[in-house]
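So the structure is just underneath, and the comments pick up after that.
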Protein chains: 2
Amino acid sequence: MAIRLFIVDDHYMVIEGIHSLLLNEKEIEWMGHAGNADSCLAYLSSQLPDVILMDISMPGMSGIELCKTVKEKYPSVYIIGLSTFNQQSFIQKMMDNGASGYVLKNATPEELIEAIKTVALGKLYLSDEVASVLRKNSDLGIPVITRREKEVLTLIADGMTNSEIAGRLFISVSTVDTHRKNLLAKFESKNIASLIKTAVQLNMI
Amino acid sequence: MAIRLFIVDDHYMVIEGIHSLLLNEKEIEWMGHAGNADSCLAYLSSQLPDVILMDISMPGMSGIELCKTVKEKYPSVYIIGLSTFNQQSFIQKMMDNGASGYVLKNATPEELIEAIKTVALGKLYLSDEVASVLRKNSDLGIPVITRREKEVLTLIADGMTNSEIAGRLFISVSTVDTHRKNLLAKFESKNIASLIKTAVQLNMI
DNA sequence: CCTGCCATCCCACAAAAACGGGATATTTGA
DNA sequence: TCAAATATCCCGTTTTTGTGGGATGGCAGG
């Protein structure tokens, strides 16, 4: 039986490209596509594919959130993340949210087809490139910060001082200061300037 | 006579998508593609297309540099920039380097075809979306900073203090402080944290 | 030639961040 | 259930930033 495939991506060119790449694959049945999270969810309420190829950066709800939502509602669907860049944190979040695989948009047709077939069997698929990024990641990569720390970080990046943040979050300045210290330690940064640079580059704010 | 088209993009899926979108366009002749700047330049040394579709983010030499190089060597070729996001500064730089147009990867097939036909006539093509970004840009967008300010900004973002920067650049701390003040004014930021965030997001560091 | 813009330097004060400790409740996961 | 992680708070000191002035020589374009 053919693997029924659905794709969510806001770039028509990519959809068309994948469609055309898979035209000759008899084992993969093209079910259709959606350009955003909402129309994807709408589609799924009437029909269920085996595998969804999902872009992670989309207007509105991101692929990361969409992945979570879809897996909650339809746990049987296998999801493959799709993106242009190998942004460590995105890949990690996608996998955390239940994705079964991840391929980059510069993957070869063979890789893509292999990914689809692999996840359809319930296995995980990670291209060598992506896998090595994840490995590096766990080695020394992205700082793991708590919810609260992220809140504080966001406010710092918005230009607020410790006392302003304290006011906003209804906590004392000392607490904010502690969070700030912990952030500096986790990012191994010597001051907020370099910390913010890193955080923005890692797409954490 | 058909418009001879060449495409440079490191994402095979996008190349395939565009190829497939243009299959039925008799007025556009598909010449081939390259996955990076070097093979593009190699190709051009033997054959010259009328229009080149060029991704701006590529490994190695970026589309922005490639655009400049190609226009210097082959001024008769029209170049259309291609990217996923409408990053203000990228679009601007691409146009500054001699591109004749710019389309986003989520453009419709019609937009893409119109863009190719328009630039082939020697005109400029900017999609509404892109044009509005450029307009906003000139209105209030990106701060214009001097060479020296950019140097200082980079070092600040790397976590150096004023006195460290002064040492590095062989100038006095006062001077560094003045540059810092000017940067804060130009970015309309109240402190370095929010300034760095903005600068990284605008791809200025 | 002269008007901006740039890069350079100076002073002084207030505000904030960085650094180095320590402490205690609560939540959470193994 | 018990240890680890999280969130909360406090002290004091030094360093760095932020703010608000002012000043000078150089250089390029109108």
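The values are calculated or read from the model by the stated rules, or taken from the named source; none is laboratory data. Since we're looking at a predicted model, the values are computed, not measured. Cβ atoms come from the backbone with ideal geometry, glycine included; neighbour counts cover every protein chain shown. Side chains included, ligands, DNA and RNA excluded: accessible areas come from the protein's heavy atoms. Shrake-Rupley method; radii C 1.70, N 1.55, O 1.52, S 1.80 Å.
Out of all the residues in the stretch B:22-47, which are under 19 Å from residue B:68 (Cα atoms), buried (at least 17 other Cβ atoms within 10 Å of the Cβ) and in contact with a Phe, Trp or Tyr (Cβ under 9 Å, 6 or more places away or on another chain)? Scanning the stretch B:22-47 gives B:33, B:34, B:35, B:40, B:43, B:44. A residue that is in contact with a helix residue (DSSP H, G or I) (Cβ under 9 Å, 6 or more places away or on another chain), open to solvent by 40 Å² or more (accessible area, probe 1.4 Å), within 17 Å of residue A:195 (Cα to Cα) and away from DNA strand C (no atom under 12 Å from the Cβ) can be found somewhere in the stretch B:189-199.
Residue check: residue A:95 meets all listed conditions (1) open to solvent by 20 Å² or more (accessible area, probe 1.4 Å); (2) in contact with a Ser or Thr (Cβ under 8 Å, 6 or more places away or on another chain) but one, namely (2). Could you please find all residues in the stretch A:147-188 being near DNA strand D (Cβ under 10 Å from one of its atoms), facing chain B (nearest Cβ under 10 Å) and open to solvent by less than 30 Å² (accessible area, probe 1.4 Å)? The answer is A:159, and nothing else.
Condition check ((1) closer than 22 Å to residue B:121 by Cα; (2) over 20 Å from the mean Cα position of the chain (by Cα)) across all residues:
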site	(1), (2)
B:4	yes, yes
B:10	no, no
B:13	no, yes
B:25	yes, yes
B:36	no, no
B:41	no, no
B:62	no, no
B:69	yes, no
B:72	yes, no
